[in-house]
Amino acid sequence: STISKNSLKTSLLELECYFTWSLLKDDVDLENLEETIVDQIKFFEESNITNYNILSYIYHLKNSNEEALGSLQKAEEVAQKHHPDEIARRSLVTWGNYAWIYYHMKRYEEAQTYVSKVETSCKSLSSATHWKIDLPEVCAEQGWALLRFGGKNFERAKNCFEKALKTEPNNPDFHSGYATAAYRLEVLAYGCYEEVGSSLEPLKRAVELNPNDTCVMALLALKLQDLNKVDEGERYIEEAMQKTPDLPYFLRYAAKFYRRKGELWKAKEILKKALALSPKSSFLHHQLGICYRGYGLKLQKTRNLGNPEQVKKLIQLAIFHFKIVIDQKPKFVHGYVDLANTYALDKRYEEAEETFQQLLHRNNLTCMEKQDLYFNYGNYQHFHMKSESEAIKYYIEGLKMQKDSYGGNKCRVALGTLLKEKIERGLGDATDFGTLGLVHNLNGKKEKAIECYEKAIALDSNNEEYRNALRELQLSI
């Protein structure tokens, strides 16, 4: 019997699986995600149902549906091996994915078979007659999938784990997911100065329930470090190091902990060990680059320690690793910024300029990425090219984008400092005073802003923009 394609499509849209969770390929770097997942499959046996499902969805997005089916088969094998008593519960998402992939391959009979399989299982698993079933495992799998698909999905991921925890409040895996999502949301929010709930308590609870999950332990350590409880954090890192000395995903966090603590050499050693275990990781290359550059700058500052040759060698090692990063992750803006800044340190100005220009010509940067870029390029113009006017131009660009963020704030501070210095040297013109007025106003210093606008008008009496700004300020006080 031929299956009506329309009724099949209606059923497919009812399924809880990767194809109905709005996971968009534009939100991630697919190649990079694939590499990460393949790498994780080697190291995390028990969470591999989710990993194989993600991999199968990635293959589908890359138009390799045969490979996608192969991954789903592996997800089923993991379920049989690790959860022989709960195969249906653990496989609902996998079967939903099967149905969709067969549908995309125009193999409608097989798609229908899997739709029916999900339907039957849901009926037996739940007293509800309808097959929209809220199984906590399914919510959690959706949470882990969303965490993989970029920052704009972290909030949704956190909600999924929250929902799963309502049903099973002591489930260790759900607590790990919830704490991870909370931590990542905080890191994102820090860049935009948004207030979000603290991840400290969720992380502590997750570590309590998951004494062997060293990745969550490391996140707790980093969180404690943020709160200046460095010794307490370090105890967790050391304990985790005993438990999983060869897990690259833990080692990368441990390295970050020591790098932020200023122990760059120790961080570098840990990263090299991790890189030997997962040689393709662009994250590890990026962190190594940061360590080498930081160590080089440290030696440069303590003249008696570093000879110029050694400093140059460290800077070149940093460049080597940053180049690998941008080859592997062409969408990773920070990688380019780091590379450009490091070229500048090595006085390779043509290459620095070229790298910055590649980013300045892109039209798909987020607001925060642009602000960060303008801040760094402004610094490059100011300190390396000695061009104050160009620096001012780019700081203003970053400041004009009214998004309050880490990068925007740095543009504002840098611009204020540069203009004050210029004015103190007696070189300030009307534009400089006007711009400094704007900076003071943004900083909430209205009296100072008024003074600046008055000086700007004294130097350029016909400027309507300054007159309007001054009038608005005087009215607001």
How many residues of segment 12-51 are open to solvent by 30 Å² or more (accessible area, probe 1.4 Å), under 22 Å from residue 117 (Cβ atoms) and part of a helix (DSSP H, G or I)? The answer is 4
Checking the condition crowded, with 22+ Cβ neighbours inside 10 Å and either under 22 Å from residue 41 (Cβ atoms) or of a type in the set (Gly, Ala, Ser) (or both), which residue from 99, 79, 88 passes? 99
Count, please, the residues in segment 274-285 that happen to be in contact with a helix residue (DSSP H, G or I) (Cβ under 6 Å, 6 or more places away or on another chain) and closer than 14 Å to residue 245 by Cβ. 2
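Against the condition in contact (Cβ under 8 Å) with a residue 40 or more places away in the chain, over 28 Å from residue 31 (Cβ atoms) and either open to solvent by 10 Å² or more (accessible area, probe 1.4 Å) or among the hydroxyl-bearing types (Ser, Thr, Tyr) (or both), how does residue 108 come out, does it pass?
On the way: in contact (Cβ under 8 Å) with a residue 40 or more places away in the chain: yes; over 28 Å from residue 31 (Cβ atoms): yes; either open to solvent by 10 Å² or more (accessible area, probe 1.4 Å) or among the hydroxyl-bearing types (Ser, Thr, Tyr) (or both): yes.
Answer is yes for this residue.
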Among the residues of segment 285-324, write down those that are at pLDDT 95 or above, out of contact with any Gly (no Cβ under 9 Å at 6 or more places or on another chain) and of a type in the set (Val, Ile, Thr). 290
Out of segment 236-273, which residues are open to solvent by 60 Å² or more (accessible area, probe 1.4 Å), in contact with a helix residue (DSSP H, G or I) (Cβ under 8 Å, 6 or more places away or on another chain), among the charged types (D, E, K, R) and more than 23 Å from residue 40 (Cβ to Cβ)? 260, 261, 266
Checking residue 386 against (1) part of a helix (DSSP H, G or I); (2) modelled with pLDDT of 95 or more; (3) exposed (fewer than 14 other Cβ atoms within 10 Å of the Cβ), the condition it does not meet: (1)
Of the residues in segment 136-164, those that are open to solvent by less than 40 Å² (accessible area, probe 1.4 Å) and touching a Pro at 6+ places or on another chain (Cβ under 8 Å) come to 164
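So if I check each of 47, 116, 64, which one is small (Gly, Ala, Ser) and touching a residue at least 40 places away in the same chain (Cβ under 8 Å)? Talk me through it step by step, then tell me what you get.
Values: 116 fails: touching a residue at least 40 places away in the same chain (Cβ under 8 Å); 64 fails: touching a residue at least 40 places away in the same chain (Cβ under 8 Å).
Only one candidate qualifies: 47.
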How many residues, within segment 441-466, are part of a helix (DSSP H, G or I) and not charged (D, E, K, R)? 11
Which residue is modelled with the lowest pLDDT, if the candidates are limited to segment 325-345 and must be part of a helix (DSSP H, G or I) and open to solvent by 50 Å² or more (accessible area, probe 1.4 Å)? 328
Residue 155: passes all of (1) part of a helix (DSSP H, G or I); (2) more than 30 Å from residue 408 (Cβ to Cβ) but (2)
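Every residue, every condition in (1) farther than 13 Å from residue 173 by Cα; (2) among the charged types (D, E, K, R); (3) modelled with pLDDT of 95 or more, yes or no:
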| position | (1), (2), (3) |
| --- | --- |
| 193 | yes, no, no |
| 197 | yes, no, no |
| 220 | yes, no, yes |
| 224 | yes, no, yes |
| 231 | yes, yes, yes |
| 234 | yes, yes, yes |
| 239 | yes, yes, yes |
Do we find that residue 315 is of a type in the set (Val, Ile, Thr), open to solvent by less than 20 Å² (accessible area, probe 1.4 Å), under 24 Å from residue 186 (Cβ atoms) and without any contact (Cβ under 8 Å) to a residue 40 or more places away in the chain in this structure? no
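The values are calculated or read from the model by the stated rules, or taken from the named source; none is laboratory data. From a predicted model like this one, the values you see are computed outputs, not experimental measurements. Cβ: placed from backbone, ideal geometry, glycine included. Neighbour counts: every protein chain shown. We work out accessible area using only protein heavy atoms, side chains counted, and drop any ligands, DNA or RNA first. Shrake-Rupley method; radii C 1.70, N 1.55, O 1.52, S 1.80 Å.
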